[in-house]
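Computed from the coordinates by the stated procedures, all read-outs in this text should not be read as laboratory data. Predicted, not measured: the structure shown is a model, and the values here were computed from it. Every residue, glycine as well, gets a Cβ built from its backbone with ideal geometry; the counts of neighbours run over all protein chains shown.
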Amino acid sequence: MLLGLEDPPAVYVPSRTGKALLLHEGYTFYLKNLQSFGRKQWYCSSRDMAGCRADVITAPSKTGDGDILFLVRGRHIHRPPNYYFTPDGKYVRRKDIYHRYR
Ligand SMILES: [Zn+2]
């Protein structure tokens with residue numbers, strides 16, 4: 001749902017390791033750098049595996065409630081990874097589960 005001209009909120013999900021991932025259009029990003037003004041740089045989770053160069057900068061919302069998507073750069077060179085929520089609320093890449101039980 002669009003909310004007029006407001007900045008799109010950053011959506012975070014807990015990963016298998018407990019660290020937050022940034023979720024954007026089905027892609028996940030991991031925290032790479034803390035920048036000035038509370039901004040954070042996020043790299044695509046497939047950067048190391050697939051060499052994807054997409055990244056996102058988040059910034060604190062002006063309302064003080066969470067973060068917003070400040071800048072979305074690059075184009076993904078792969079399909080969105082296949083993630084799902086585990087019963088305990090973690091957001092897990094399906095491939096990881098296959099590894100676990102193999
Ligand atoms: Zn990507």
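Listed values, structure above:
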{"read-out": "Helix-only mean residue ellipticity at 222 nm for the chain, each DSSP H run of n ≥ 4 adding -39500 (n - 2.57), per residue, nearest 500", "value": "-2500 deg cm²/dmol"}
{"read-out": "Over the chain, volume per residue of the alpha carbon convex hull, in Å³", "value": "125 Å³"}
{"read-out": "R79 versus K19: modelled label distance in nm, points set 7 Å from Cα along the beta carbon direction", "value": "2.6 nm"}
{"read-out": "Gain on full stretching of the segment that runs from R39 to D7 - 0.36 nm per residue minus C-alpha separation", "value": "10.1 nm"}
{"read-out": "Nearby lysines by direct alpha-carbon distance to K90 (threshold 27 angstrom, same-chain neighbours under 8 apart not counted)", "value": "K19, K32, K40"}
{"read-out": "Extension gain (nm, one decimal) between R94 and M49, 0.36 nm per residue minus Cα-Cα", "value": "14.7 nm"}
{"read-out": "Per-residue Cβ neighbour rank within 10 angstrom, fewest leading, T58, T28", "value": "T28, T58"}
